[in-house]
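Notes follow once the structure below has been shown.
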Amino acid sequence: MLVTSRSYAEYEAMFDLTELPASVLDCSAGGSSFTAEAAARGVDVVAVDPAYELTMPELVDTVRRSLPVGNDIVEEHEDKFVWHWYGAPERRDEMRLEAADRFLQDIGEAPDRYVAGRLPELPFEDGRFELALCSHLLFTWADTFDRDWHLAALRELIRVTSGEVRVFPLVLQGTGEPVAFLPEVLDELAGVRWEIRKVPYEFQAGADEMLVITHS
Ligand SMILES: C[S@@+](CC[C@H](N)C(=O)[O-])C[C@H]1O[C@@H](n2cnc3c(N)ncnc32)[C@H](O)[C@@H]1O
């Protein structure tokens, strides 16, 4: 799986963020600069990802190699992507490179913000974060992780939050196909409310919705 580097601006659009609450988890944060940029805004923010088990040279190499591989996926499914949000492929590349640099600098300077861990078991106490964000893992990789894994992963994200969990996107990577088990998984969540909400971001054609789960 790719360890990609989306920026704060992309997270802001994907998750329709206005103001951030005091504490935020970026789950499956990979090489994103969201954590570095949110911390610079004074937020108590933690990134969690299994990739943080890698040594620094391995992580640098993995993050740097993800951009061209990610571009190959887009080229392979050219007709499934739209460019109105980025404007042009060059702009997207520029954002990814800047975000990767920012991430690699921040993890070097503030390693405590970056925790090695993997769903469906996260190393945080109940209700540790007001908001958890999960970009491009759940549903994106539904060909790798099955329905039961998704249910367990969502329950774990709910456990470690006191306010909301937001997940984007809700379609498979590459093809942008819907995930057949999504409604069933949502039906099985107990003690929470959920809604599928439109966001001001689209890259995979038609993937302009996030899942918002709120503690009742
Ligand atoms: C496509 S990247 C997304 C990175 C970042 N959120 C972004 O939007 O650019 C998917 C990330 O999920 C991480 N990952 C894989 N399995 C995971 C698991 N079980 N729990 C949490 N993260 C996982 C990978 O290491 C990778 O960094």
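Taking label points 7 Å from Cα along the Cα-to-Cβ direction, Arg197 and Arg64 give a separation of 3.9 nm. Is region 85-179 best put as rounded, prolate or oblate by its Cα gyration tensor, with a ≥ b ≥ c the root eigenvalues, rounded for a/c under 1.5, and otherwise prolate when a/b is larger than b/c, oblate when not? Oblate. The distance from the alpha carbon centre of region 1-72 to that of region 135-169 is 16 Å, rounded to a whole number. Note on Lys80, Lys198: ascending count of other Cβ atoms within 10 Å places them as Lys198, Lys80, the fewest first.
I want to verify the translational diffusion coefficient of region 8-215 in µm²/s; compute it with Stokes-Einstein, Rh as the Kirkwood radius over Cα pairs, at 20 °C and 1.002 mPa s. Answer from the Stokes-Einstein relation: 123 µm²/s. Give me the net charge for the shell around Asp112: Cβ to Cβ below 13 angstrom, other residues only, Lys and Arg +1, Asp and Glu -1. Surrounding charge for Asp112 is -2.
Report note on the peptides 204-215, 103-114: ranked by the mean count of other C-beta atoms within 10 Å, highest first, their order is 204-215, 103-114. Label sites at Val74 and Ala88, each approximated as a point 7 angstrom past Cα along Cα to Cβ, lie 1.3 nm apart. Ellipticity at 222 nm from helices only: DSSP H runs of n ≥ 4 in the chain, each -39500 (n - 2.57), divided by the residue count, give -11000 deg cm²/dmol.
Among 35-46, 61-72, 129-140, the peptide with the highest mean count of other Cβ atoms within 10 Å heads the list, and the full ranking is 129-140, 35-46, 61-72. Other residues within the sphere of radius under 12 Å centred on the Cβ of Arg91, judged by their own Cβ, net out at -3 (K and R +1, D and E -1).
Of all DSSP-defined beta bridges confined to region 8-215, some 45% are antiparallel rather than parallel.
A cut-off under 13 angstrom between Cβ atoms defines the neighbours of Leu151, and their net charge, with Lys, Arg +1 and Asp, Glu -1, is -3. The string of couplings for region 48-54 from the Karplus curve (6.51, -1.76, 1.60, θ = phi - 60°) is 10, 5, x, 5, 6, 6, 5 Hz, one whole number per residue in order, with x for Gly and Pro.
Every read-out reported here was derived from the displayed coordinates using simple, explicitly stated rules and does not represent laboratory data. Every value quoted in this text rests on a predicted model; they were computed, and no experiment measured them. Quick reminder, even Gly has a Cβ in these numbers, built from the backbone with ideal geometry, and neighbours come from all protein chains shown.
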